[in-house]
Amino acid sequence: MALEALENITQKDYKFKNWAGIYSCKPQLYFQPTTIDEVSSVVKNARALGKTIVTVGSGHSPSNMCITNEWLMNLDKLNKVLGFEEFKDSHFADVSVEAGIRVFQINEYVATKNYAVQNLGSISEQSIAGIISTGTHGSSPFHGLVSSNIVNLTIVNGLGEVVFLDSENHPEVFRAALLSLGKIGIIVRATVRVVPAFNIKSTEEVITFEDLLESWDTLWTSSEFIRVWWYPYSRKCVLWRGNKTEDIPTKPRKSWWGTTLGRIFYETLLWLSCKIYTPLTPYVERFVFQRQYGKLGGKGNGNTAVATSVKAFNMDCLFSQFVNEWGCPLENGPQILRSLDHSISQANQNKEFYVHVPMEIRCSNTTLPSEPLDTKNRTVTSRGTVYGNILRPYLDNTPSGCRYTPLNSVTNSQLTLYINATIYRPFGYNTRIHEWYSIFEDTMSVAGGKPHWAKNFLGSTNNTAGEIKEESEYDDFEGRGLGRKIKEWYGDDLVAFRNIREQQDPDNVFLMNKEWAFRNGIANE
Ligand SMILES: Cc1cc2nc3c(=O)[nH]c(=O)nc-3n(C[C@H](O)[C@H](O)[C@H](O)COP(=O)(O)OP(=O)(O)OC[C@H]3O[C@@H](n4cnc5c(N)ncnc54)[C@H](O)[C@@H]3O)c2cc1C
Ligand SMILES: O=C1O[C@H](CO)C(O)=C1O
């Protein structure tokens, strides 16, 4: 179809802003196709006119990876459920969807079939293609990236061709598409493997930072789902652990801090401590922590609750924020946390920089079996992933050296540790992050860490690839790039990804935001 024939799906004056409101852009043209043919036509027109296309899902990626001044495409209108196939004897089902569908829409649909998505991050607002494309994860010693639950994908590549991908059809391209950063094609369909609906029985308790480190060896495999929120200035952590259950959900614990008034009050305290007097920050944390968790039971004496899986996984992420999350071998956790704790304490004493809370400490198990697992004996409360595929995405940022072992013998040596350094932007104020994020990234990098592709990692002028400016020319929160490190970290996997990228997109239709791609080693300069 000629561009003129696509007018009904085209906007000329659209302004994009990401969820956090950090980045915005005015693309030349904004497309919301309703069919795969329309997607293909836009790609063919872009190729013919030498234009590039960025595909945006729900715009929840904190970084500037969806920013473009050329063509922007969104699939919110390509969001239907296409099919649902149940494999009762194997205790799973496959739901096929158009790729613009949001995760919460999948949650709602499969719940009507008494099934559930196997593992989720903190929210469900994202598009399914978006969470696949950046390595989105939850927090479990028995689950990996969301991409491991994907059975197949259909992409429109840079030639406008519609290509079906799965473990048998173009498996190498499938591996690239399972974490593609939108750089090899537009995901238009996905099939997601889901399991019989389950609730989660959880305990939430306050432990000390020392408790966390002392229990490190056994803590992370002590439940199927687990997350730790670290409050450095309070020297406390909130430990949340959950397991599948068929028990009936209990009444959720309400908190004034979750109300509109509570959130505005908290955001105002943060604004005062970010913009007016930064040494207030530790007092704000301790005050809010005490009010939120002061009555929560201590170690071994926490609150118990039962919730649906989605309600247990998802949380209120509060306000606009910078987030910088790195994944590294979980065994390195104690040394990392002691180092970060020291840096945070020193900075507080010297009034140099401050951190916000919670610092999220999570885990994943991205090791993969050599062949699909037999699931015939699973029950609703069985632990672990029912894999949609057992292929490692080339750009998987979790440690590649961990070896698979069956569920019952998983130890810390199979696990990835994620540390997520959130810095809020109260009322849109750009809190300074460069000093803290530089120390955070150096600490994580030394411990074998690599950044989550979607988040606000900064890199540095000596690790970037591509253009380098004077340090003073960068905004405080501006990514300097990690291209040199990324080439070193990903090695042959990056070479394979780049080759597939060039094969699927020979005219660089998807290489907009070239500067981001070069800076971070995704494309050859
Ligand atoms: C409040 C909040 C909480 C979060 N919680 C977590 C969490 O717990 N765990 C975690 O790992 N991450 C988390 N994230 C990060 C988030 O899951 C990722 O940034 C995710 O990629 C966002 O999905 P999206 O649909 O908004 O994608 P976008 O941000 O719109 O796009 C992300 C990338 O995917 C590409 N893309 C989008 N659609 C397509 C398509 N159809 N075909 C090809 N490429 C496409 C884009 O080009 C871009 O490169 C969170 C983010 C926020 C804001
Ligand atoms: O990127 C993320 O934001 C939230 C924290 O607010 C979360 O869990 C991420 O991951």
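When both residues are 6+ apart or on different chains and their Cβ atoms are under 9 Å apart, which pairs have a first residue that lies in the stretch 404-426 and is more than 16 Å from ligand 2 (Cβ to nearest atom), and a second that is of a type in the set (Phe, Trp, Tyr) and in a loop (DSSP other than H, G, I, E, B)?
As it stands, the answer is Leu407/Phe142; Val410/Phe142; Thr411/Trp220; Asn412/Trp220; Gln414/Tyr404; Leu415/Trp220, since those pairs meet every condition given.
Does the stretch 115-137 hold any residues that are more than 6 Å from ligand 1 (Cβ to nearest atom) and under 12 Å from Gly59 (Cβ atoms), and which are they?
Matches in the stretch 115-137: Glu125 only.
So is Lys44 touching a Leu at 6+ places or on another chain (Cβ under 9 Å), closer than 29 Å to Phe518 by Cβ and not in a loop (DSSP other than H, G, I, E, B) or not?
Yes, satisfied.
Would you confirm, using the coordinates I've provided, whether Gly138 is within 16 Å of ligand 2 (Cβ to nearest atom), closer than 23 Å to Val188 by Cβ, touching a residue at least 60 places away in the same chain (Cβ under 8 Å) and not aromatic (Phe, Trp, Tyr)?
Answer is no for this residue.
Which of (1) surrounded by fewer than 23 Cβ atoms within 10 Å (Cβ to Cβ); (2) outside any helix (DSSP H, G or I) does Glu435 not meet, given it meets every other one?
Every listed condition holds for Glu435 apart from (2).
Considering only residues that are under 22 Å from Leu120 (Cα atoms), open to solvent by less than 50 Å² (accessible area, probe 1.4 Å) and part of a helix (DSSP H, G or I), which ones fall in the stretch 375-417?
Asn412, Gln414
Being of a type outside the set (Ser, Thr, Tyr), more than 20 Å from Pro196 (Cα to Cα) and assigned to a loop (DSSP other than H, G, I, E, B) is the filter here; which residues of the stretch 100-131 pass it?
Gly100, Ile101, Ile123, Glu125, Gln126
Kindly indicate whether any position in the stretch 350-360 is at positive phi and not in a helix (DSSP H, G or I).
yes
In the stretch 48-99, which residue that is farther than 30 Å from Glu478 by Cβ, part of a loop (DSSP other than H, G, I, E, B) and open to solvent by less than 40 Å² (accessible area, probe 1.4 Å) is nearest to ligand 1 (Cβ to nearest atom)?
Here the residue is Ala99.
Across the stretch 224-261, what is the total count of residues that are surrounded by fewer than 21 Cβ atoms within 10 Å (Cβ to Cβ), touching a Gly at 6+ places or on another chain (Cβ under 8 Å) and either at pLDDT 95 or above or within 17 Å of Asn314 (Cβ to Cβ) (or both)?
1
Does any residue in the stretch 348-373 that is open to solvent by 80 Å² or more (accessible area, probe 1.4 Å) and more than 16 Å from ligand 2 (Cβ to nearest atom) come within less than 9 Å, Cβ to Cβ, of a residue that is among the β-branched types (Val, Ile, Thr) and assigned to a helix (DSSP H, G or I) six or more places away or on a different chain, and which pairs are these?
Here the result reads Lys351/Thr278, each pair linking the stretch 348-373 to a residue that is among the β-branched types (Val, Ile, Thr) and assigned to a helix (DSSP H, G or I).
I'm trying to understand the selection: among the residues of the stretch 270-281, which are surrounded by 18 or more Cβ atoms within 10 Å (Cβ to Cβ) and of a type outside the set (Gly, Ala, Ser)?
Leu270, Trp271, Cys274, Thr281
Only residues that are in contact (Cβ under 8 Å) with a residue 60 or more places away in the chain, outside any strand (DSSP E or B) and touching a strand residue (DSSP E or B) at 6+ places or on another chain (Cβ under 7 Å): list them for the stretch 224-279, please.
Across the stretch 224-279, the qualifying residues are Glu224, Pro232, Glu246, Pro249, Leu270.
Go through the stretch 167-186 and report how many residues are outside any helix (DSSP H, G or I), on the phi < 0 side of the Ramachandran plot and open to solvent by 10 Å² or more (accessible area, probe 1.4 Å).
3
Of all residues being surrounded by fewer than 19 Cβ atoms within 10 Å (Cβ to Cβ) and small (Gly, Ala, Ser) in the stretch 12-38, which is nearest to Phe322 (Cα to Cα)? Just the residue, please.
Here the residue is Gly21.
The values are calculated or read from the model by the stated rules, or taken from the named source; none is laboratory data. These figures come from a predicted structure and were not determined experimentally. Note that we place each Cβ from the backbone using ideal geometry, even for glycine, and neighbour counts take in every protein chain shown. All accessible areas refer to the heavy atoms of the entire protein, side chains included, with ligands and DNA or RNA removed. Shrake-Rupley method; radii C 1.70, N 1.55, O 1.52, S 1.80 Å.
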